[in-house]
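Asker: Once you've had a glance at the structure underneath, I'll fire off some questions.
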Amino acid sequence: MRKNCLVDFHTHILPKMDDGARDVQTSVEMLKALYDQGVTHCVLTPHYMNDSESVEHFIDRRERSYEILKEACKGQIVPEIALGAEVHLNKEMSNDDLKPLCMGNSNIIMLEFPSSKFQYWMIDEIEHIAFEQNIDIMFAHVDRLLDYFTPSQLEQVFGFEDFIYQLNNISLRSMKKRLAFYHYYSKDMPIVLGSDSHDIKHRAPDFSKSMRRIKWFPYGNRIKRSVEATSEILLKEIFG
Ligand SMILES: [Fe+2]
């Protein structure tokens with residue numbers, strides 16, 4: 001990884017795909033804002049929900065949106081981009097082939113827990129995806145789970161060896177969140193960051209201070225090194 005490489009693993013930048021960028025001009029503005037904040041690589045992760053759309057339909061829609069974005073980015077200075085999805089965890093979703101939803105050239109899928117109470121079918125689905133479909137799991141914005149999962153449920157979520165844990169940058173601003181996350185952090189846990197940006201105003205790209213804020217964790221330098229090392233490995237898999 002070249003020096004100062006910074007990756008945004010979670011964005012809603014593709015135009016008209018979900019509740020993110022409303023038009024392609026917004027998409028380009030978001031990408032330019034990320035570049036200005038030092039982001040060199042960006043994964044585009046629109047929401048995917050298997051109870052409202054087939055994987056094939058989503059991929060087709062995503063491809064059309066991406067073509068429009070690529071055209072609009074010509075001549076602009078923006079981060080390198082790869083396609084992915086923020087995949088909402090649903091019952092029986094592991095019956096579908098989920099590999100097309102993986103990030104770029106990798107075998108990594110980003111899974112989002114429902115914003116409901118923890119239920120045990122969720123763990124069953126995750127294990128099916130990970131161990132039967134042989135897909136590497138990245139949990140989206142795990143900082144949110146700290147608000148509504150119990151300690152024992154969080155132990156399960158953070159107890160998967162080799163799973164990747166994505167934090168939203170906004171959580172780094174909160175001392176309460178940093179301390180809560182640190183409680184479940186273990187040495188060598190793969191951690192990455194994401195802006196989860198949806199627009200250019202209310203949920204705008206916010207990478208400018210993220211790496212500095214990581215140092216505000218207890219043992220922040222160790223977590224910063226984990227983010228850098230994980231990003232370096234995943235960059236090769238996703239963009240390679
Ligand atoms: Fe998101």
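Asker: For an R0 of 35 angstrom, estimate the FRET efficiency from the Cβ-Cβ distance between ASN134 and ILE68 and round to the nearest 0.05.
Answerer: Efficiency, from the Cβ-Cβ distance: 0.60.
Asker: Given just the C-alpha atoms of region 1-106, how large is their convex hull per residue in cubic angstrom?
Answerer: 103 Å³
Asker: Please compute the modelled spin-label separation between TYR120 and PHE160, points set 7 Å along Cα→Cβ, answer in nm with one decimal.
Answerer: Simple spin-label model gives 1.8 nm for this pair.
Asker: With a ≥ b ≥ c taken as the square roots of the eigenvalues of the C-alpha gyration tensor of region 60-117, please select rounded if a/c is under 1.5 and otherwise prolate if a/b is larger than b/c or oblate if it is not?
Answerer: Prolate is the answer for region 60-117, as a/c is 1.5 or above and a/b outweighs b/c.
Asker: Name the residue, out of HIS12, HIS128, HIS41, whose mean-square fluctuation peaks in a Gaussian network model built on the chain with Cα pairs under 10 Å.
Answerer: Fluctuation is largest for HIS128.
Asker: Say the cut-off is 28 Å between C-alpha atoms; which of LYS70/LYS176; LYS32/LYS236; LYS201/LYS236; LYS91/LYS176; LYS16/LYS74 go over it?
Answerer: Pairs exceeding 28 Å: LYS70/LYS176; LYS201/LYS236; LYS91/LYS176.
Asker: Over all Cα pairs of region 8-49, how is the pair count split among 5 Å bins, expressed in % and running from 0 up to the last occupied bin?
Answerer: With 5 Å bins starting at 0, P(r) equals 6, 27, 31, 25, 9, 2, 0.
Asker: Can I ask one more? What is the local net charge at THR230, summed over the other residues whose Cβ is closer than 15 Å to its Cβ (Lys, Arg +1; Asp, Glu -1)?
Answerer: -3
Asker: Can you give me the C-alpha center-to-center distance between region 36-107 and region 173-240, rounded to a whole angstrom?
Answerer: 21 Å
Asker: Turning to a different aspect of this structure: How would you classify the chain from its alpha-carbon gyration tensor, with a ≥ b ≥ c the square roots of the eigenvalues: rounded for a/c under 1.5, else prolate if a/b is greater than b/c, otherwise oblate?
Answerer: Cα axes put the chain in the oblate bin.
Asker: For the chain, set up a GNM with springs between Cα atoms under 10 Å and report which of ALA180, ALA85, ALA140 has the largest fluctuation.
Answerer: Per the Cα network of the chain with a 10 Å cutoff, ALA180 tops the list.
Asker: Given Cβ point charges of +1 (Lys, Arg) and -1 (Asp, Glu) and nothing else, what value in debye, to the nearest 20, does the dipole of the chain about its Cα centre take?
Answerer: Dipole size: approximately 1560 debye.
Each value in this text was obtained by applying a stated rule to the coordinates, not by laboratory testing. What you see is a predicted model, and the numbers here were worked out from it, not measured in a lab. Please note: Cβ atoms are built from the backbone with ideal geometry, for glycine as well, and neighbour counts cover all protein chains shown.
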